[in-house]
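I have placed the structure first, in the form of structure tokens, so that the comments after it can refer back to it.
The values are calculated or read from the model by the stated rules, or taken from the named source; none is laboratory data. Keep in mind that what you see is a predicted model, and the values were worked out from it rather than measured. Every residue, glycine as well, gets a Cβ built from its backbone with ideal geometry; the counts of neighbours run over all protein chains shown.
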Amino acid sequence: MNTFSNEEFDFSFLEEGFTARDVLEQKINEVSLSDDKDAFYVADLGDIVKKHVRWFKALPRVTPFYAVKCNDSKAIVKTLAILGAGFDCASKTEIQLVQSIGVPPEKIIYANPCKQVSQIKYAASSGVEKMTFDSEVELMKVARNHPNAKLVLRIATDDSKAVCRLSVKFGATLKTSRTLLERAKELNVDIIGVSFHVGSGCTDPQTFVQAVSDARYVFDMGAELGFNMHLLDIGGGFPGSEDVKLKFEEVTSVINPALDKYFPADSGVQIIAEPGRYYVASAFTLAVNIIAKKVMVTEQTGSDDEDDSTSDKTIMYYVNDGVYGSFNCILYDHAHVKPVLQKASIKRLHSIYNFRLSIFLI
Ligand SMILES: *Cc1c(COP(=O)(O)O)cnc(C)c1O
């Protein structure tokens, strides 16, 4: 099993016309000749930059706060910090990582609605004020441990059409939202806005429209109770690759008019989002090695006659990474991985090692 250390990364600028794919092939060729055939990743940081440019083109009013849990590699966090993105952290470890790179606390939202008390205290001591909540218990925890917190109320969405549903775990209903706002008033906790997450791999952009309209409703309830709400957080759920039913721009072309309708530019509401997969899904390529091979033969006897029996051959290949490592996305995120054989290596390796393949998955 592979463990990829977060400290270790080499980074180089590529010459014109040289792609991340070329780097990958070069490295496969290098390691093929050595004993070290551990799996490795190649990340195309240029792809992250392109995603960032594409984000602002498609969602000019929305500041991205990258969801660190999607990939906490320092190379990614540093790149996004330099580009000026904010960060959605789900734990003390993620806050520490982002702050170690020099990101100021204003650019961090602690977007986990159910937090450990010691970590709320940590956020308070490190100046992180924006945090989400969706229950009364959380309100009381924050009131006691982080008097300067600026809370963002996370509302539930209809995520029935998302690949990974999140509203089962998180998000208050509109009815509960009123109760929570009233309770926050009693506890003297500041509520600065509303957040939601439509679910990862959202396949219906109308979910965003409904959620933005629900958020408006909660803003109005907040105003009635005397809160000055000025932050809308439209969460994550944006596609990060092109092999999806609904393309990024198809989603954003539906979101923009909803934002303009419910939160027009002159409303003074700042709009942020928490894209995770959007930024990193297409940037990484994992190279694995085939480390074992088995031929499985299933005998199928058609009749008593020996000559009629046929056999089905299945070849099983074993690679040096798996579902307890990089491929946990298959179990947790319903990801579909597309293996690609590294053909040049196959040919060469055939002659060198008799039979050995290098494959990489994208
Ligand atoms: C996972 C997560 C995200 C990122 O979701 P994507 O679908 O990868 O964009 C954003 N916000 C919260 C609170 C999350 O839990």
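Of the candidates 227, 170, the single residue that is of a type in the set (Phe, Trp, Tyr), at negative phi and either free of Cβ contacts under 8 Å to residues at least 40 places away in the same chain or away from the ligand (no atom under 12 Å from the Cβ) (or both) is 227.
Pairs meeting the criteria (first residue in the range 126-145 and under 14 Å from residue 110 (Cβ atoms), second residue of a type in the set (Val, Ile, Thr) and assigned to a loop (DSSP other than H, G, I, E, B), beta carbons under 7 Å, at least 6 apart or on different chains) are 142/189.
Can you confirm whether the range 122-132 contains a residue that is assigned to a strand (DSSP E or B), of a type in the set (A, V, I, L, M, F, W, C), crowded, with 23+ Cβ neighbours inside 10 Å and away from the ligand (no atom under 13 Å from the Cβ)? No - not one qualifying residue is present in the range 122-132.
Is the range 36-53 home to any residue that is basic (Lys, Arg), buried (at least 20 other Cβ atoms within 10 Å of the Cβ) and closer than 27 Å to residue 144 by Cα? Give the derivation first.
Restricting attention to the range 36-53, the residues satisfying the condition of being basic (Lys, Arg) are 37, 50-51.
Applying the additional criterion that residues be buried (at least 20 other Cβ atoms within 10 Å of the Cβ) yields 51.
Narrowing the set further to residues that are closer than 27 Å to residue 144 by Cα leaves none.
Looking through the range 36-53, none of the residues is basic (Lys, Arg), buried (at least 20 other Cβ atoms within 10 Å of the Cβ) and closer than 27 Å to residue 144 by Cα.
Where helices (runs of 4 or more DSSP H) fall wholly inside the range 1-112, the ranges with 3 or more residues that are among the β-branched types (Val, Ile, Thr) and closer than 30 Å to residue 134 by Cβ are 92-100. Selection over the range 103-159 of residues that are in contact with a strand residue (DSSP E or B) (Cβ under 8 Å, 6 or more places away or on another chain) and over 30 Å from residue 82 (Cβ atoms) gives a count of 9. Taking first residues from the range 182-206 that are closer than 20 Å to residue 216 by Cβ and partners that are near the ligand (Cβ under 9 Å from one of its atoms) and among the polar types (S, T, N, Q), the Cβ contacts under 6 Å between residues at least 6 apart in sequence or on separate chains come to 195/132. Whether a residue is surrounded by 15 or more Cβ atoms within 10 Å (Cβ to Cβ), at pLDDT 95 or above and within 12 Å of the ligand (Cβ to nearest atom) was assessed, and residue 142 does not pass this test.
The rows are residues; the columns are (1) surrounded by fewer than 17 Cβ atoms within 10 Å (Cβ to Cβ); (2) over 21 Å from the mean Cα position of the chain (by Cα).
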| position | (1), (2) |
| --- | --- |
| 188 | yes, yes |
| 192 | no, yes |
| 205 | no, no |
| 220 | yes, yes |
| 236 | no, no |
| 242 | yes, no |
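Looking across the range 309-362, the residues that are modelled with pLDDT of 80 or more, part of a loop (DSSP other than H, G, I, E, B) and more than 20 Å from the chain's Cα centre (by Cα) come down to 320, 321. For the range 240-256, name all the residues that are in contact with a helix residue (DSSP H, G or I) (Cβ under 6 Å, 6 or more places away or on another chain), within 15 Å of the ligand (Cβ to nearest atom) and within 11 Å of residue 205 (Cβ to Cβ). Hits for the range 240-256 are 252, 255. Set side by side, the residues 194, 209, 189 differ, and just one is touching a helix residue (DSSP H, G or I) at 6+ places or on another chain (Cβ under 6 Å), within 16 Å of the ligand (Cβ to nearest atom) and at pLDDT 95 or above, which is 194.
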